1. Provide a single number: the residues in region 106-143 that are within 16 Å of ligand 2 (Cβ to nearest atom) and outside any helix (DSSP H, G or I).
2. Determine, yes or no, whether residue 386 is in contact with a helix residue (DSSP H, G or I) (Cβ under 7 Å, 6 or more places away or on another chain) and either surrounded by fewer than 18 Cβ atoms within 10 Å (Cβ to Cβ) or over 18 Å from residue 418 (Cβ atoms) (or both).
3. Looking at 298, 284, 304, 242, which one is under 19 Å from residue 200 (Cα atoms) and either at pLDDT below 95 or surrounded by fewer than 23 Cβ atoms within 10 Å (Cβ to Cβ) (or both)?
4. Looking at the structure I just gave you, is residue 254 away from ligand 2 (no atom under 12 Å from the Cβ), under 23 Å from residue 129 (Cα atoms), out of contact with any helix residue (DSSP H, G or I) (no Cβ under 7 Å at 6 or more places or on another chain) and modelled with pLDDT of 95 or more?
5. Can you name the number of the only condition in (1) in contact with a strand residue (DSSP E or B) (Cβ under 6 Å, 6 or more places away or on another chain); (2) more than 16 Å from ligand 2 (Cβ to nearest atom) that residue 67 fails?
6. Which numbered condition trips up residue 311, out of (1) part of a loop (DSSP other than H, G, I, E, B); (2) within 13 Å of residue 401 (Cα to Cα)?
7. Does residue 62 satisfy the condition of being more than 21 Å from the chain's Cα centre (by Cα), surrounded by fewer than 18 Cβ atoms within 10 Å (Cβ to Cβ) and within 19 Å of residue 14 (Cα to Cα)?
Ligand SMILES: [Fe+2]
Ligand SMILES: [Fe+2]
């Protein structure tokens, strides 16, 4: 019998949800499984399906020791259904049902809203695998290659997590949505993924690190908000996903940090102190700091769009219903109903950026976005420490939230990274200084040569401080040719 902690590995689908006793859902998932494997072969990491990758697999949802490391071929990875342990006596933490017992089934009136949220979250998971599928060919080391694949298989598992909820709780409609999740394709003209940032290309490794730093962090914020849900199976699902998500953000933060470190090191060795001397820095074969800043500007602004409109009745409805909470709802000290509360929101009024107090319920997207910005600022501070330590006078910064937006209040205006509103001519003149240009991207691409010898690293990125699973520096994280 599953005990809710240890994972049953006997069947086709590892799980701690008692799938053996739930024949209907087991059959639905087993029917879905071949399509998933086909999708993984077609759209998963290109060129490495036969490689042995040193991956962690969850064997328990106990916070201590849930990960087991071993060599696996990715198509044989044990994708499973893993929920964090139930919290006894859990009640709905917010909204108009606050204090009622958490739901084990979806209330009829909320089915449509809940299904929509699961599908949107589910769609991002395979999308990022598709976006990253060509990166293996240019990995700067076996260590990085392994980290890419770890992120990829876990995003695959996150798709399983959402598909389980759809199939268990949403009947025929859930099964249809599960099929659709395998049918859409990132960047496809006719059947794209649902959200903008998940249809962008991830053409190089700096983009990958920025994506995992910023865009996976949007995923973290959404999962945190859904982990508060009154629908207990969703809460438990998201709580376990968050343990995996932490590694994705680690890959992003340390990835960018190692690029910054290598650039600073090369500048110092060459006696270059002016970070703005781009030609001199590029002559060293490293990525200049102003270009890294432009990549920050791009990925941060694309990710902000994922939070949706600042003022949103959908967000208010989901909160009121007890379906999607706030970041760390359980740690917040207010009435958790927000009926009379207000929240400050930056708005675009008459061509100017002004702060307005709006009803807190309608500003929940904004609030989650503010929490994201604060969370994202942490890593930028740590990157700047690396630059400072090297004695180089340059600091990376998050751009203003009005910069380069396609959704929400600021979609109608142009602003520079400092938040100064620009007219069309000023934007056109400044664009090349704000966002990566074709030349910048070509330069980055020119550095993307694979390094596949154990313990060696491409010249544009520093080695990591420590190995995965405490492995030594020359560990063969991926056995490419078996
Ligand atoms: Fe994910
Ligand atoms: Fe992720």
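The values are calculated or read from the model by the stated rules, or taken from the named source; none is laboratory data. Remember, predicted model here, so these are calculated numbers, not experimental data. As a convention, Cβ positions derive from the backbone with ideal geometry for all residues, glycine included, and neighbour counts pool all protein chains shown.
1. The initial filter retains those residues of region 106-143 that are within 16 Å of ligand 2 (Cβ to nearest atom), namely 120-133, 135.
With the extra rule that they be outside any helix (DSSP H, G or I), the set shrinks to 132-133.
Count: 2.
2. yes
3. Only one candidate passes the filter, namely 298.
4. For residue 254, the condition - away from ligand 2 (no atom under 12 Å from the Cβ), under 23 Å from residue 129 (Cα atoms), out of contact with any helix residue (DSSP H, G or I) (no Cβ under 7 Å at 6 or more places or on another chain) and modelled with pLDDT of 95 or more - is met.
5. If we test residue 67 against (1) in contact with a strand residue (DSSP E or B) (Cβ under 6 Å, 6 or more places away or on another chain); (2) more than 16 Å from ligand 2 (Cβ to nearest atom), just (2) comes out false.
6. Of everything listed in (1) part of a loop (DSSP other than H, G, I, E, B); (2) within 13 Å of residue 401 (Cα to Cα), residue 311 misses just condition (2).
7. Answer is yes for this residue.
Yes or no, residue by residue, for (1) surrounded by fewer than 22 Cβ atoms within 10 Å (Cβ to Cβ); (2) touching a helix residue (DSSP H, G or I) at 6+ places or on another chain (Cβ under 8 Å):
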| site | (1), (2) |
| --- | --- |
| 172 | yes, no |
| 178 | no, yes |
| 181 | no, yes |
| 184 | yes, yes |
| 201 | yes, yes |
| 205 | no, yes |
| 208 | no, yes |
| 211 | no, yes |
